[in-house]
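> The structure that follows is given in the form of structure tokens.
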Amino acid sequence: MTTPVDNRSESDYSGKVRAISERLRSWSGPIVLATHIDPDGDAVGSTLALSRALQALGRATTVSLTPPRFLAFLTAPGELVPQLETLAPGTLLIALDAGAASRVAGVPLGDAALTINIDHHGTNERFGDIHLVDPSKAATAQIVKDIVEQLGLAWTPELATPCLLGILTDTGFLRFGNTRPAVLRAAAELLASGLDYAELTDRLQWRPQSYYPLLAQVMATVEFPLGGEVALARVTESMREDLSEEILDSEDFIGVIRYAEGIRVAVLLKEQGDTTKVSVRTRGGVSAQAICLMLGGGGHVPAAGATIAAAIDIARERVLTAVRKELDQTDRRGSPEPRR
């Protein structure tokens, strides 16, 4: 049975950080941490940081998570399990960086005695018994940093490295518009732990050698529809068939096309059987979140995603329809970058 909790108002951020920290300190049963399907840097970093903090307090934790290849260097042997079929009685489940219960991977949510939902996505459904959701934070890892400090722990390189990684990856290495003074201060405080920043940022750029032939194929698909205001590329299953290694981080490709001069929207379509995964990045007042909400997904204003239950050609048309609608609405609102 779910334990009654004090689910404070959305505006009481500090109070909710304190309440969650107190709950974590007093919990005597098992603690399981999980994150969203296809975890990114913030998902992996925030989950590892909070798990390690709880272990430093003497709590036994289980982390259900399969990291992408380029983030595997963060983990220690035995630190993760890929999936839990059941949860032990009295388990506290912490879901991090997941906007909806349906997005939480590797755990049966219904088995938890108490579920805490920690996230920074504005589209979060506020699931769970306690939810701490703050879209003003650049990353879920930034929220985790506040919780760790409320727990009274000192930052060590082992604890600070995944937390900083989460902040770096969700701010584009401190280049995106969500890089505000508080983010820079948080990064500086984590760096002060003595972590190896040069090694961390270097390792985050490593890719398997098979990534580069795939990159060449993807770049050959780039097109600029809607009068050149959109850059669109594809990753198809046939592209991956000839490669000897699985590419787990093709999201990098949208990071290349998003800088095409003159565009306001970048779109990456990834073919996955009968479905198409869509990633969107925007600038100039255009909302990637609005585009992806029209497609059944969600995310942030500058970066969002969706999965469409359709073949890639059909998905392309649906995406462009949503993009056109958002561009028109942006122009009516008054965009800082008028369309040509």
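> Quick check on the stretch 107-127: of everything there that is farther than 23 Å from CYS163 by Cα and among the small types (Gly, Ala, Ser), which residue is modelled with the lowest pLDDT?
So, considering only residues that are farther than 23 Å from CYS163 by Cα and among the small types (Gly, Ala, Ser), the one modelled with the lowest pLDDT is GLY110.
> Can you name every residue in the stretch 285-309 that is among the aliphatic types (A, V, I, L, M) and either open to solvent by 40 Å² or more (accessible area, probe 1.4 Å) or out of contact with any Lys or Arg (no Cβ under 7 Å at 6 or more places or on another chain) (or both)?
Looking only at the stretch 285-309, we keep the residues that are among the aliphatic types (A, V, I, L, M), and these are 286, 288, 290-291, 293-295, 301, 303-304, 306, 308-309.
Within the stretch 285-309, ALA290, ILE291, LEU293, MET294, VAL301, ALA304, ALA306, ALA309 qualify.
> Something else: If you go through the stretch 143-159 one residue at a time, do you hit one that is crowded, with 20+ Cβ neighbours inside 10 Å and closer than 16 Å to ALA98 by Cα?
Checked against the condition, which is being crowded, with 20+ Cβ neighbours inside 10 Å and closer than 16 Å to ALA98 by Cα, the stretch 143-159 yields at least one hit.
> Of the conditions (1) crowded, with 18+ Cβ neighbours inside 10 Å; (2) without any contact (Cβ under 8 Å) to a residue 12 or more places away in the chain, ILE116 clears all except one; give me its number.
(2)
> Let me ask you something else. Quick check: anything in the stretch 199-221 under 17 Å from THR75 (Cβ atoms), of a type in the set (A, V, I, L, M) and in contact (Cβ under 8 Å) with a residue 60 or more places away in the chain? Please lay out each step first, then the result.
Narrowing the stretch 199-221 to residues under 17 Å from THR75 (Cβ atoms): 199-200, 203-204, 206.
Filter once more, so that each one left must be of a type in the set (A, V, I, L, M): 200, 204.
Subset that is in contact (Cβ under 8 Å) with a residue 60 or more places away in the chain: 204.
Yes, the stretch 199-221 has at least one match.
> Residues in the stretch 124-136: is at least one within 22 Å of GLY297 (Cβ to Cβ), open to solvent by 10 Å² or more (accessible area, probe 1.4 Å), aromatic (Phe, Trp, Tyr) and in contact (Cβ under 8 Å) with a residue 12 or more places away in the chain?
yes
The values are calculated or read from the model by the stated rules, or taken from the named source; none is laboratory data. Quantities reported herein were computed from a predicted structural model and do not represent experimental measurements. Using ideal geometry, Cβ is built from the backbone for each residue, glycine included, and neighbour counts are taken over all protein chains shown. With ligands, DNA and RNA removed, areas are computed over all heavy atoms of the protein, side chains included. Shrake-Rupley method; radii C 1.70, N 1.55, O 1.52, S 1.80 Å.
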